[in-house]
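Structure first, then comments.
The values are calculated or read from the model by the stated rules, or taken from the named source; none is laboratory data. Because the structure is a prediction, the values reported are computed rather than measured. In this analysis, Cβ positions are derived from the backbone assuming ideal geometry, glycine residues included, and neighbour counts consider all displayed protein chains.
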Protein chains: 4
Amino acid sequence: MPSKINTPLILVNFKTYREASGDNAARLARIIEKVRRQTGVCVGLAPQFVDIAPIAQIVSAPIFAQHVDPIDGGSFTGHVLPQSIRAAGAVGTLINHSERRLRLADIDTAIQQSRKVGLTSVVCTNNQAVSAAVAALKPDMIAVEPPELIGTGVPVSQAQPRVVEDTVKAVKQMDPNIIVLCGAGITKADDVAAAMKLGTEGVLVASGVVKAKDPFKVLSRFAERLTTH
Amino acid sequence: MPSKINTPLILVNFKTYREASGDNAARLARIIEKVRRQTGVCVGLAPQFVDIAPIAQIVSAPIFAQHVDPIDGGSFTGHVLPQSIRAAGAVGTLINHSERRLRLADIDTAIQQSRKVGLTSVVCTNNQAVSAAVAALKPDMIAVEPPELIGTGVPVSQAQPRVVEDTVKAVKQMDPNIIVLCGAGITKADDVAAAMKLGTEGVLVASGVVKAKDPFKVLSRFAERLTTH
Amino acid sequence: MPSKINTPLILVNFKTYREASGDNAARLARIIEKVRRQTGVCVGLAPQFVDIAPIAQIVSAPIFAQHVDPIDGGSFTGHVLPQSIRAAGAVGTLINHSERRLRLADIDTAIQQSRKVGLTSVVCTNNQAVSAAVAALKPDMIAVEPPELIGTGVPVSQAQPRVVEDTVKAVKQMDPNIIVLCGAGITKADDVAAAMKLGTEGVLVASGVVKAKDPFKVLSRFAERLTTH
Amino acid sequence: MPSKINTPLILVNFKTYREASGDNAARLARIIEKVRRQTGVCVGLAPQFVDIAPIAQIVSAPIFAQHVDPIDGGSFTGHVLPQSIRAAGAVGTLINHSERRLRLADIDTAIQQSRKVGLTSVVCTNNQAVSAAVAALKPDMIAVEPPELIGTGVPVSQAQPRVVEDTVKAVKQMDPNIIVLCGAGITKADDVAAAMKLGTEGVLVASGVVKAKDPFKVLSRFAERLTTH
């Protein structure tokens with residue numbers, strides 16, 4: 001992994017939210033940078049593809065793509081080439097987010113291509129069995145997110161704590177080096193603490209930060225609880 | 001359409017070619033800008049998503065995305081939001097390229113969303129019937145490209161001149177304001193001239209320019225023949 | 001079109017409802033056959049792929065597939081070959097249902113392959129513009145179904161009468177031979193009558209019949225109102 | 001697994017080959033039945049969806065679907081419901097064939113739904129890592145088929161013996177109960193013997209049998225070498 005990514009990690013997914021597009025994306029990136037510097041916690045961000053290069057000019061926080069295609073250059077109009085993502089300034093990428101699921105063989109290739117160009121791979125999964133399956137493909141990180149909880153404000157750490165615990169166990173048994181993040185429904189600092197207690201090494205968040213009235217305050221509390229759960 | 005797009009038009013699709021990624025993308029963009037200024041012909045370019053913003057800083061040539069998703073903001077991780085493409089500096093977008101085909105209802109929505117945010121829509125099609133179908137959806141431009149010819153170096157204007165002629169007729173009958181471009185297999189200046197004689201108002205090119213030993217020379221000849229066919 | 005398909009037409013989509021699978025599929029097919037014989041109205045059915053051949057043995061009502069792939073034989077494991085559908089006893093097929101949308105070029109090919117093997121094509125659409133687009137591809141029928149109304153019990157003929165009227169106009173202007181059906185949310189005989197008054201020549205129904213307590217009674221009323229609206 | 005499926009197993013994929021559609025499907029099914037009875041070897045067949053029920057009436061050989069969707073009934077027009085496949089007479093199903101790849105979460109659900117209704121699941125994979133990943137999802141069988149060899153007549157057991165050996169090892173380490181089949185490029189009896197020597201418990205074949213001049217002779221030799229390699 002690039003030296004700039006550490007755990008515990010807070011990774012903020014900008015999705016295609018208006019509140020995190022264009023000028024808003026730059027503004028939110030600066031807030032993330034500020035929290036990162038003030039708390040010393042590793043806070044990363046996953047903006048839209050077009051916003052990666054401009055944001056890489058203004059922050060040092062680790063930038064992730066939201067998706068890469070399983071390709072290595074060539075005739076793939078409209079696709080996302082891992083090395084172009086890297087060249088634009090990203091150091092990692094989400095793969096197989098529940099809003100952008102991939103076919104299994106493509107997840108395998110996307111992880112390999114990401115590694116080849118130096119992108120940290122964070123593969124999203126929906127349950128314990130799928131997490132174990134992905135672990136066999138040796139990504140750098142796995143973010144478990146029961147899709148039915150995404151965007152609900154009901155944290156998986158509370159609704160389905162066993163899913164998180166069992167996922168951590170299953171993944172670590174396959175490969176203890178793979179880092180497990182917890183996603184879906186995290187909106188409060190307590191959710192972050194709960195996720196850490198269940199054995200994860202960070203969280204994947206989206207609307208809970210992006211749509212917050214005061215993202216700086218929310219993120220600062222998340223960062224605090226990440227280290228003092 | 002944005003005032004900076006005129007016909008006849010040469011639109012260069014960068015795909016995910018290594019020769020048109022990262023630093024190479026910037027270099028090729030500058031070549032396109034030079035041809036555009038020297039010949040006065042409208043030459044546009046469709047780089048990868050991440051390269052749009054940086055290129056928009058260095059050239060005035062019209063920039064197109066290679067694809068947009070049929071969305072209007074929200075929870076669409078890994079998708080391409082039309083307004084973000086516009087905000088990054090693009091003035092148009094390809095839709096439904098043969099390497100990134102869309103479902104019919106999504107083409108309709110992508111055209112509408114593009115119009116809403118001020119992006120010129122260039123919808124790719126594979127034959128006359130499909131071109132007529134797309135014309136009913138009122139895009140700004142239609143680029144007809146029999147997929148079996150893409151990347152072959154065999155121009156559609158030579159292999160299937162009737163397809164091009166019939167497409168122009170079918171589209172103009174549906175809506176005379178829709179501009180028809182000719183794609184697939186164009187590598188020589190004569191191909192450009194032939195396409196124009198068949199009634200199109202420009203060409204969509206890729207490897208013929210991107211992989212040329214001297215893209216400046218090739219593009220300059222294309223531009224010349226575009227106006228003197 | 002096969003001589004056994006007439007208008008006005010009631011087409012019952014079995015989807016993958018439990019109430020219309022396996023033995024239940026055969027039972028519902030017999031009910032449809034009975035309504036057809038008693039009322040003289042053309043009532044067709046679209047069961048699951050595996051149920052087509054067995055049902056073709058027990059009823060004369062026109063059978064439709066729910067989907068066909070745009071293929072002509074070969075290496076397409078898990079795909080649905082139009083000629084196999086025909087050989088199993090179907091005389092028509094739905095194409096591009098909102099629950100099984102196709103890419104535009106594939107709709108074109110699926111219509112052509114269906115025609116080639118003697119299957120009546122019924123292409124589903126979501127609005128007027130898309131209906132006009134499909135009309136350019138010359139299917140036998142178009143079934144307009146705003147997807148937001150499917151399964152709601154709110155009929156399009158009531159919620160969006162203009163969509164239906166404008167679709168009929170747009171399609172007939174493109175090709176007066178194309179038959180327009182009305183779908184989405186039809187559960188009452190009045191909905192059927194309203195659809196006919198708006199200029200359609202039949203209805204595409206699903207849960208309103210399949211999940212009815214007494215499908216025979218519901219269908220009989222539909223058939224009655226279809227001819228006496 | 002249903003009692004009628006044993007190892008070593010020869011599974012013949014009919015794809016959408018003309019030679020294995022409609023009447024030809026029934027003829028080939030009878031040949032398979034004959035080989036099965038004469039040799040005592042378990043020979044299964046995977047015909048197209050519409051041919052499952054008619055074939056189940058004429059042979060006792062185990063029938064597999066070529067694909068099932070990850071669903072449990074409901075509004076899924078054009079999809080393939082596992083329980084309908086079972087009700088039609090199939091006892092197993094291919095999942096994730098290279099010509100019908102699924103998203104990872106859907107493979108997981110398709111395996112679970114298949115188990116629930118009593119269908120033996122045979123998940124296709126493309127390499128060792130993906131096979132290990134699938135093994136974590138606990139299917140009944142895994143068929144490893146490097147896609148670049150499918151239909152070539154070059155058997156994986158010869159071109160990439162290590163892929164087969166390593167896959168068997170990786171799968172058995174995850175779960176010794178999962179049966180590994182070898183696919184892709186098998187056209188000669190020697191290929192079958194080689195596959196068995198590499199530790200697999202059967203083969204997945206297609207064109208090598210379906211397109212053979214004398215499928216009976218070819219299959220009989222396959223069956224013989226399967227047990228005397």
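Scan the stretch C:79-106 for residues that are part of a loop (DSSP other than H, G, I, E, B) and out of contact with any helix residue (DSSP H, G or I) (no Cβ under 7 Å at 6 or more places or on another chain) and the total you get is 6.
Here the stretch B:170-229 is the region considered, the condition is being of a type in the set (Val, Ile, Thr) and part of a helix (DSSP H, G or I), and the residue that is farthest from B:Arg37 (Cα to Cα) is B:Val171.
Scan the stretch B:148-160 for residues that are surrounded by fewer than 16 Cβ atoms within 10 Å (Cβ to Cβ) and either modelled with pLDDT of 80 or more or under 14 Å from B:Ala206 (Cα atoms) (or both) and jot them down. Within the stretch B:148-160, B:Thr152, B:Gly153 qualify. Screening the candidates C:Lys138, C:Lys116 for the property of being part of a loop (DSSP other than H, G, I, E, B), farther than 23 Å from D:Ser75 by Cα, of a type outside the set (Asp, Glu) and modelled with pLDDT of 95 or more yields one hit, C:Lys138. What do you reckon, is A:Ala110 without any contact (Cβ under 8 Å) to a residue 60 or more places away in the chain and either of a type in the set (A, V, I, L, M, F, W, C) or part of a helix (DSSP H, G or I) (or both)? So A:Ala110 fits the description; yes. If we keep just the residues of the stretch D:107-147 that are closer than 14 Å to D:Phe64 by Cβ and surrounded by fewer than 24 Cβ atoms within 10 Å (Cβ to Cβ), which is nearest to the other protein chains (Cβ to nearest Cβ)? Selected residue: D:Val117.
One residue stands out in the stretch B:34-64 among those that are in a loop (DSSP other than H, G, I, E, B) and not polar (S, T, N, Q): the one that is surrounded by the most Cβ atoms within 10 Å (Cβ to Cβ), namely B:Pro47.
Just one of the listed residues (B:Ala90, B:Ala65, B:Ala61, B:Ala105) is out of contact with any Ser or Thr (no Cβ under 6 Å at 6 or more places or on another chain) and closer than 30 Å to A:Val122 by Cβ, and it is B:Ala90. Across the stretch B:161-198, the qualifying residues are those that are touching a Cys at 6+ places or on another chain (Cβ under 9 Å) and of a type outside the set (A, V, I, L, M, F, W, C), and the one among them that is surrounded by the fewest Cβ atoms within 10 Å (Cβ to Cβ) is B:Asp191. For the stretch C:197-208, the set of residues classified as more than 14 Å from chain D (Cβ to nearest Cβ) and either within 17 Å of C:Gly44 (Cα to Cα) or at pLDDT 95 or above (or both) consists of C:Thr200, C:Glu201, C:Gly202, C:Val203, listed by residue number. Take the conditions (1) over 15 Å from A:Thr7 (Cα atoms); (2) of a type in the set (S, T, N, Q); (3) without any contact (Cβ under 8 Å) to a residue 24 or more places away in the chain; A:Asn177 misses just one of them, which is (1). For the stretch C:38-51, taking the residues that are within 10 Å of chain D (Cβ to nearest Cβ) and of a type outside the set (Gly, Ala, Ser), the one that is nearest to C:Ala223 (Cα to Cα) is identified as C:Pro47.
Evaluate the stretch B:19-26: report whether one residue or more is within 7 Å of another protein chain (Cβ to nearest Cβ) and either over 22 Å from A:Asp72 (Cα atoms) or in a helix (DSSP H, G or I) (or both). Within the stretch B:19-26 (the criterion being within 7 Å of another protein chain (Cβ to nearest Cβ) and either over 22 Å from A:Asp72 (Cα atoms) or in a helix (DSSP H, G or I) (or both)), the answer is no, since none of the residues qualifies. Give me a count of the residues in the stretch C:9-18 that are part of a strand (DSSP E or B) and in contact (Cβ under 8 Å) with a residue 40 or more places away in the chain. Residues in the stretch C:9-18 being part of a strand (DSSP E or B) and in contact (Cβ under 8 Å) with a residue 40 or more places away in the chain: 5 in total.
Put simply, of D:Ala132, D:Ala143 the only residue that is outside any loop (DSSP other than H, G, I, E, B) and in contact with a helix residue (DSSP H, G or I) (Cβ under 7 Å, 6 or more places away or on another chain) is D:Ala132. The set of residues in the stretch B:148-171 that are more than 13 Å from chain C (Cβ to nearest Cβ), small (Gly, Ala, Ser) and over 16 Å from the mean Cα position of the chain (by Cα) comprises B:Gly153, B:Ser157, B:Ala159.
The residues of the stretch D:15-63 that are more than 19 Å from C:Ile52 (Cα to Cα) and among the acidic types (Asp, Glu), listed by number, are D:Glu19, D:Glu33.
Examine the stretch D:178-192 for a residue that is touching a helix residue (DSSP H, G or I) at 6+ places or on another chain (Cβ under 8 Å), within 14 Å of another protein chain (Cβ to nearest Cβ) and not hydrophobic (A, V, I, L, M, F, W, C), and state whether such a residue exists. Taking every residue of the stretch D:178-192 in turn, at least one turns out to be touching a helix residue (DSSP H, G or I) at 6+ places or on another chain (Cβ under 8 Å), within 14 Å of another protein chain (Cβ to nearest Cβ) and not hydrophobic (A, V, I, L, M, F, W, C). Looking only at the stretch A:1-56, count how many residues are polar (S, T, N, Q) and closer than 27 Å to A:Pro139 by Cα. Residues flagged as polar (S, T, N, Q) and closer than 27 Å to A:Pro139 by Cα within the stretch A:1-56 amount to 6. Note on the stretch D:65-76: among residues that are in contact with a Phe, Trp or Tyr (Cβ under 7 Å, 6 or more places away or on another chain) and in a loop (DSSP other than H, G, I, E, B), the one that is farthest from D:Ile107 (Cα to Cα) is D:Gly73. Taken together, B:Asp72, B:Asp140, B:Asp108 contain a single residue that is closer than 29 Å to B:Ala53 by Cα, of a type in the set (Asp, Glu) and in contact with a strand residue (DSSP E or B) (Cβ under 7 Å, 6 or more places away or on another chain), which is B:Asp140. Could you grab me the full set of residues in the stretch C:80-93 that are surrounded by fewer than 24 Cβ atoms within 10 Å (Cβ to Cβ), more than 15 Å from D:Phe14 (Cα to Cα) and facing chain D (nearest Cβ under 10 Å)? Residues satisfying the conditions are C:Arg86, C:Ala87, C:Gly89.
Of the residues making up the stretch B:32-85, those that are among the charged types (D, E, K, R) and farther than 18 Å from A:Leu81 by Cα are B:Glu33, B:Lys34, B:Arg36, B:Arg37, B:Asp72. The sole residue among A:Lys211, A:Lys217, A:Lys197, A:Lys172 that is touching a His at 6+ places or on another chain (Cβ under 7 Å) and not hydrophobic (A, V, I, L, M, F, W, C) is A:Lys197. Within the stretch D:52-79, the set of residues being in contact (Cβ under 8 Å) with a residue 12 or more places away in the chain, within 7 Å of chain C (Cβ to nearest Cβ) and not hydrophobic (A, V, I, L, M, F, W, C) comprises D:Pro54, D:Gln66, D:His67.
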